[in-house]
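These notes concern the structure reproduced below.
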Amino acid sequence: DGGITQSPKYLFRKEGQNVTLSCEQNLNHDAMYWYRQDPGQGLRLIYYSQIVNDFQKGDIAEGYSVSREKKESFPLTVTSAQKNPTAFYLCASSRANTEAFFGQGTRLTVV
Amino acid sequence: DQQVKQNSPSLSVQEGRISILNCDYTNSMFDYFLWYKKYPAEGPTFLISISSIKDKNEDGRFTVFLNKSAKHLSLHIVPSQPGDSAVYFCAATHSGTYKYIFGTGTRLKVLA
């Protein structure tokens, strides 16, 4: 089955810890994205990547880092510098000028 | 600066009637627009899109209208069904940028 897989579905982080969210796609899409959803704020773009080994900051990149070493994979690290990391994180992928496909999301909670 | 706006946080419609969800944008460079449906704790699923060279696109019960001069698009669902109850997001992008900007969403409730 083609699609986007995010893992884990639920993630708990202690204060001061870095955590990495996984995103893998087998759709052969060039572009991949990370969004964050908070109540009442829609989907906000964190980072996106158009090709391997290249990525750009979105609107809320502070406190996050990404890598794109393989076309299929775009992991997101939530660093200790992110002051309010509790949110629902969504990964997506797309070809040029077509719809983006989303994974099922990871809910991150700071404990 | 919110480039894509959905000014109605919620909408309730009777089953069988028309649902109309609205979206406004400010960036005149946007040339491709999309609607997504989202259930709680799940990823959004693509519904329908429209290019700026068109003013209407239809797919079954879903029709999207684009008014470029007003920088406004709308999604019509006819007839509305209880299974349509979800949050609907509009999104916009500019060809070649790969950057999709989403609105804040409208929660649709279809009453049986």
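The values are calculated or read from the model by the stated rules, or taken from the named source; none is laboratory data. Quantities reported herein were computed from a predicted structural model and do not represent experimental measurements. Counting neighbours? That spans all protein chains shown, and the Cβs are built from the backbone with ideal geometry, glycine included. SASA here: full protein model, heavy atoms, side chains in, ligands and nucleic acids out. Shrake-Rupley method; radii C 1.70, N 1.55, O 1.52, S 1.80 Å.
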Just the residues that are closer than 17 Å to residue A:99 by Cα, assigned to a loop (DSSP other than H, G, I, E, B) and open to solvent by 60 Å² or more (accessible area, probe 1.4 Å), please, taken from region A:18-50. A:26, A:28, A:30
Only one residue in B:34, B:21, B:108 is away from chain A (no Cβ under 14 Å) and among the aliphatic types (A, V, I, L, M), so which one is that? B:108
With the requirement that a residue be within 11 Å of chain B (Cβ to nearest Cβ) and in contact with a Phe, Trp or Tyr (Cβ under 7 Å, 6 or more places away or on another chain), what does region A:4-22 give you? A:4
Just a yes or no: is a residue in region B:65-77 touching a residue at least 24 places away in the same chain (Cβ under 8 Å), at the interface with chain A (Cβ under 10 Å from one of its Cβ atoms), charged (D, E, K, R) and more than 26 Å from residue A:107 (Cβ to Cβ)? no
Considering only residues that are closer than 19 Å to residue B:90 by Cα and more than 15 Å from the chain's Cα centre (by Cα), which ones fall in region A:25-41? A:39, A:40, A:41
I'd like the full set of residues that are β-branched (Val, Ile, Thr) and either touching a strand residue (DSSP E or B) at 6+ places or on another chain (Cβ under 6 Å) or closer than 22 Å to residue B:82 by Cα (or both), limited to region B:2-45. B:4, B:13, B:18, B:20, B:45
Report those strands (runs of 3 or more DSSP E) wholly inside region A:60-111 carrying at least 1 residues which are closer than 24 Å to residue B:91 by Cα, within 13 Å of another protein chain (Cβ to nearest Cβ) and open to solvent by 60 Å² or more (accessible area, probe 1.4 Å). A:106-110
